[in-house]
Amino acid sequence: MKLLITARNMSVTPAITRRIEKKTETMGKYLYPETEMQVKMRKEKDDRRIVEITVPMGKNVILRSESSADDNLFLAIDKALAKMERQIRKHRTKLGKNLREEAFAEVPEYIEEDLEDEEARKVVRRKTFPVRPMSVEDAIIEMELLGHSFFVFVNIDTERTNVLYLRKDGNLGLLEPEA
């Protein structure tokens with residue numbers, strides 16, 4: 001696997017390079033040697049560190065992860081790489097299930113065992129709750145009172161179920177299904 005590390009508004013120190021190389025060693029067993037992993041880091045004006053990782057996985061497939069941390073680049077790197085590793089494993093598992101067995105003839109046996117152990121996500125808890133009609137403003141207040149990152153409600157104006165959610169940038173998003 002080839003690493004391309006770039007930075008904006010900051011410099012790439014040997015410690016940062018070592019950290020990324022160490023964390024990506026385990027991902028190398030899932031990728032071909034000629035696969036190129038691009039790690040882009042940047043420092044925002046508010047001292048937030050953002051790490052974006054992009055891995056082209058063949059024809060029409062690009063895996064991407066992004067993470068940020070306040071004034072801690074190593075934490076942002078670790079979070080972004082953990083997300084990327086999950087995506088790579090999920091992608092390889094999906095390929096293993098969907099393609100014929102000859103497609104991975106050159107993959108070592110220990111990787112195939114890891115892919116078989118990977119389980120799909122399961123619903124481990126179900127919760128029912130009353131949904132009452134309310135305005136978007138009331139839903140925002142209710143979500144903030146509960147301390148949740150999302151809130152499901154029936155919009156009083158449209159009489160449809162909506163989902164209010166907290167975005168990564170701190171703003172709110174509203175999902176409104178249409179028939």
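Considering the range 6-42, and only residues there that are within 20 Å of the chain's Cα centre (by Cα), part of a helix (DSSP H, G or I) and among the hydroxyl-bearing types (Ser, Thr, Tyr), the residue that is nearest to Ser65 (Cα to Cα) turns out to be Thr24.
A single member of Glu52, Glu25, Glu36, Glu21 is within 22 Å of Gly170 (Cα to Cα) and among the charged types (D, E, K, R), and it is Glu52. Residues in the range 139-179 that are in contact (Cβ under 8 Å) with a residue 12 or more places away in the chain and over 28 Å from the mean Cα position of the chain (by Cα): Val154, Asn155, Ile156, Asp157, Thr158, Glu159, Arg160.
One line per residue, one yes/no per condition, for (1) at pLDDT 85 or above; (2) assigned to a helix (DSSP H, G or I):
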{"site": "Val51", "(1), (2)": "yes, no"}
{"site": "Val55", "(1), (2)": "yes, no"}
{"site": "Lys59", "(1), (2)": "no, no"}
{"site": "Asp78", "(1), (2)": "yes, yes"}
{"site": "Met84", "(1), (2)": "yes, yes"}
{"site": "Arg92", "(1), (2)": "no, yes"}
{"site": "Leu95", "(1), (2)": "no, yes"}
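Look at the range 1-27: where a residue is closer than 15 Å to Glu52 by Cβ and a partner is hydroxyl-bearing (Ser, Thr, Tyr) and part of a helix (DSSP H, G or I), sitting 6+ places away or on another chain with Cβ atoms under 8 Å, you get Leu3/Thr24; Ile5/Thr17.
The values are calculated or read from the model by the stated rules, or taken from the named source; none is laboratory data. Quantities reported herein were computed from a predicted structural model and do not represent experimental measurements. Glycine gets a Cβ as well: all are built from the backbone with ideal geometry, and neighbour counts include every protein chain shown.
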